[in-house]
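The values are calculated or read from the model by the stated rules, or taken from the named source; none is laboratory data. This structure is a prediction, so every number in the text was calculated from the model and none was measured. Here the Cβ is made from the backbone with ideal geometry for all residues, glycine too, and neighbour counts use every protein chain on show. For the accessible areas, the whole protein counts, side chains as well, though only heavy atoms, and no ligand, DNA or RNA atoms are used. Shrake-Rupley method; radii C 1.70, N 1.55, O 1.52, S 1.80 Å.
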Amino acid sequence: VGEDTQRSLIGHTLVDWKRIDRIFISSMDPESVLGLPGMLCTISASRSKGHEAADVPVHVYGPPNLVQFVSSMLAVSRTYLEMPVVLHELTPGRVSEADMEIKEVLKRSRLYACKLPPDALNPQGYYDGELKSMLRRSAKSAEVGSASKANDLRAGTLPQRLPGPGDPTRKDISISNMVWTVRIDSEWVVQASPLKNTIPTFGFKAIESDRSGRLYPAVAQALGVFDSKQYADLKCGRPVFNEQGVEIRPEECVGPNRRGRTVGIVPSCVDSELFARNMVSVDLLIHGMTCREDGAGAAGKAMGGGKRRGGLLSLGKRAGACAKALGARELVLWQAQTSFLDLEEGEADALVNDIVDEVKEVVGDGVDVALGGAFPAHQWTETLADERPPDCPEALQHLL
């Protein structure tokens, strides 16, 4: 959440600031965190008193020292926020039960904080970040969550696959093998994985819940099912009986279950191999392409001290290797700063083509490769699956 992020979101017509309630910080690098206090103020200004989302908390997840940075900035500026803000520090080690509880940090700014252990050291195995679960745990529930977002029961989400209980006494877990899992709600889970970089840095994977198949009401009615409650049973995979007492199976009027999408987000780093190893697979990978080339840091050494053009080509290959290891169907190379390219006029188009060609050599033609950020926006390529009920009677096929 640098200043570039906030400026780009302000000019984005599809972003509703009032509805932003989860923010993930990849590192304490200035380009990743300096814009956070301003973003919180912008969200607060968009939530006027009495609005339905005025008291819905904003949850911020990030590396150690996140609480110190945000609390210092808000305290010095004497900032008042309309909504509560809960800071969650992803802690690479054991966390006591007391530190996992949400505590007040700065009253005027309605700021709260807690620490989250990795899954392997978490007695629950993951962190349940859904507001209703947090209210049951938090002693400050009246303040931290006086309002919540309701789940849409029509979404048809299926049970999520979550890690089993961890062992807080383990001492054989290295930071490179740690994963933090946060259950956002019934529809989304977000996982964090460390990345190789000069400062502590995280990559994130957003996992959408699988959903039950599409119900075809016209087919159900032709089979003699008219009750909306029976529609819900069919969506949940349970057979029902029509008015004539004939059993109607879900396979006759409900399509197959739909697999949830997965998105990997890897910020600029020295190497993303750890992310590929810990996150296993994603459908879409967004990989950062910004890397300082001062010749002194690890990033500069990794690029061999070459020119920026050569460095970007090298980063593209590395991003391609990560996408290939994750089995991604789409790869977006994200370059946030046009000024960093330092190219002569007319060279940008040639560089884009060169980077895409370099990446294609790594991932092959089966992966869609595009550039985003400073370059033209990426458009998701939706794969249309066959959603028709597998056992729909042939006489009712025309109703699909």
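Structural remarks
- The range 44-64 - residue that is open to solvent by 20 Å² or more (accessible area, probe 1.4 Å) and farther than 30 Å from residue 29 by Cα and, of those, modelled with the highest pLDDT: 48
- Of all residues in the range 42-76, those satisfying the criterion of being more than 22 Å from the chain's Cα centre (by Cα) and under 25 Å from residue 201 (Cα atoms) are 68, 69, 71, 72, 73, 74.
- Screening residue 207 against (1) open to solvent by less than 30 Å² (accessible area, probe 1.4 Å); (2) modelled with pLDDT of 95 or more; (3) among the hydrophobic types (A, V, I, L, M, F, W, C) leaves a single unmet condition, (1).
- Considering the conditions (1) surrounded by 21 or more Cβ atoms within 10 Å (Cβ to Cβ); (2) under 19 Å from residue 105 (Cα atoms), residue 26 is excluded by exactly one of them, (2).
- If you go through the range 163-174 and keep only what is of a type outside the set (D, E, K, R) and either exposed (fewer than 15 other Cβ atoms within 10 Å of the Cβ) or farther than 23 Å from residue 205 by Cβ (or both), you end up with 164, 165, 168, 169, 174.
- In the set (1) in contact with an Asp or Glu (Cβ under 6 Å, 6 or more places away or on another chain); (2) at pLDDT below 90; (3) surrounded by 17 or more Cβ atoms within 10 Å (Cβ to Cβ), the condition left unmet by residue 181 is number (2).
- Filtered by the rule that a residue be surrounded by 14 or more Cβ atoms within 10 Å (Cβ to Cβ) and of a type in the set (A, V, I, L, M, F, W, C), the range 210-221 gives 215, 219, 220.
- Filter pass, residue 208 being within 30 Å of residue 164 (Cβ to Cβ), within 25 Å of the chain's Cα centre (by Cα) and without any contact (Cβ under 8 Å) to a residue 40 or more places away in the chain: no
- Selected residue [surrounded by 14 or more Cβ atoms within 10 Å (Cβ to Cβ), modelled with pLDDT under 95, assigned to a helix (DSSP H, G or I) and not hydrophobic (A, V, I, L, M, F, W, C)] from 104, 143: 143
- Total residues in the range 65-86 satisfying the condition of being buried (at least 18 other Cβ atoms within 10 Å of the Cβ) and in contact with a strand residue (DSSP E or B) (Cβ under 7 Å, 6 or more places away or on another chain): the figure is 8.
- Residue within the range 322-329 that is modelled with pLDDT of 90 or more and either open to solvent by 70 Å² or more (accessible area, probe 1.4 Å) or farther than 24 Å from residue 196 by Cα (or both) present: yes
- Of the criteria (1) at pLDDT below 90; (2) crowded, with 16+ Cβ neighbours inside 10 Å, which one residue 305 fails: (2)
- On the stretch given as the range 51-101, residues that are in contact with a Cys (Cβ under 9 Å, 6 or more places away or on another chain), among the charged types (D, E, K, R) and under 18 Å from residue 34 (Cα atoms) total 1.
- Identity of the residue in the range 356-400, of a type in the set (A, V, I, L, M, F, W, C) and assigned to a strand (DSSP E or B), that ends up modelled with the lowest pLDDT: 371
Results for (1) more than 27 Å from the chain's Cα centre (by Cα); (2) farther than 30 Å from residue 326 by Cα; (3) without any contact (Cβ under 8 Å) to a residue 40 or more places away in the chain; (4) open to solvent by 40 Å² or more (accessible area, probe 1.4 Å), shown as yes or no for each residue.
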| position | (1), (2), (3), (4) |
| --- | --- |
| 223 | yes, yes, no, no |
| 232 | yes, yes, yes, yes |
| 239 | yes, yes, yes, yes |
| 242 | yes, yes, yes, no |
| 247 | yes, yes, yes, yes |
| 275 | no, no, no, no |
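- Lone unmet requirement of (1) assigned to a loop (DSSP other than H, G, I, E, B); (2) in contact (Cβ under 8 Å) with a residue 40 or more places away in the chain; (3) over 19 Å from residue 180 (Cα atoms) for residue 282: (3)
- Qualifying residue in the range 8-29 (condition: within 19 Å of the chain's Cα centre (by Cα) and more than 29 Å from residue 187 (Cβ to Cβ)): yes
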